[in-house]
Amino acid sequence: MVIKHANISASEFDDVNMSDTRFTNVRLAGATFDDVNLSGAVMHAIDFRGSRVSAAQFGGATFRFLGELPGPDGAPRRPRAVTFEDCMFPDSAFRRVDLTNVALEKCTTAGMTIDGVPVDEMLAAWRSSHPEP
């Protein structure tokens with residue numbers, strides 16, 4: 001089935017098999033997805049700004065270039081802040097990621113390293129040189 005140049009806004013799909021379906025130049029702003037299997041899906045040039053994702057399984061997923069596209073003058077724009085809450089990223093890797101002003105709060109960092117240096121050791125060294133009053 002091929003659907004082109006159609007307005008099917010406010011449609012509902014329930015118990016539908018859309019395996020191997022291709023979406024190109026599609027507007028899904030404001031759409032709601034519940035109990036959707038996207039395993040093995042390939043997404044490119046996706047705009048998730050302002051979206052909320054919950055109860056998601058990201059195991060084995062790869063995210064690349066999560067920044068903003070350049071502005072009209074070609075200069076890079078600073079992306080809006082992203083929040084990860086109640087997530088699990090065991091054995092994950094963050095490579096070439098801008099972590100400027102990132103805050104880790106109430107996080108388990110056991111075994112975590114930054115450029116090969118154990119975070120637990122860094123925190124212990126910092127705490128020993130900055131004792132609480």
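Once the Cβ-Cβ distance between F94 and F13 is put in as r, and R0 is 35 Å, what FRET efficiency do you end up with, to the nearest 0.05? Kindly include the intermediate steps, with their values, before the conclusion.
On the way: r = 35 Å, r/R0 = 1.00.
Result of the calculation: an efficiency of 0.50.
Residue by residue, the stretch 7-13 carries 3J(HN,Hα) couplings of 10, 10, 4, 6, 6, 10, 10 Hz when phi is fed to the Karplus relation 6.51 cos²θ - 1.76 cosθ + 1.60 (θ = phi - 60°); x denotes Gly or Pro.
From helices alone, the chain scores -2500 deg cm²/dmol at 222 nm; the rule is -39500 (n - 2.57) for each run of n ≥ 4 DSSP H residues, then divide by the residue total.
For an R0 of 22 angstrom, estimate the FRET efficiency from the Cβ-Cβ distance between L123 and T62 and round to the nearest 0.05. Walk me through the intermediate numbers first.
On the way: r = 29 Å, r/R0 = 1.32.
After rounding to 0.05, the efficiency reads 0.15.
Dividing the mean sequence gap of close Cα pairs (under 8 Å, 6+ apart) by how many residues the chain holds gives a relative contact order of 6 percent. About the centre of its Cα atoms, the chain shows a dipole size close to 600 debye [charges on the beta carbon of Lys, Arg (+1) and Asp, Glu (-1) only; nearest 20 debye]. Along the stretch 121-128 the Karplus relation, 6.51 cos²θ - 1.76 cosθ + 1.60 evaluated at θ = phi - 60°, assigns HN-Hα couplings of 5, 4, 5, 4, 5, 5, 5, 5 Hz to successive residues, with x for each Gly and Pro.
Quick note: the coordinates plus some simple rules give every number you see, no bench work behind them. Not measured: the values here are computed from a predicted model. Because the Cβ atoms are built from the backbone with ideal geometry, glycine has one as well, and the counts that use them run over all protein chains shown.
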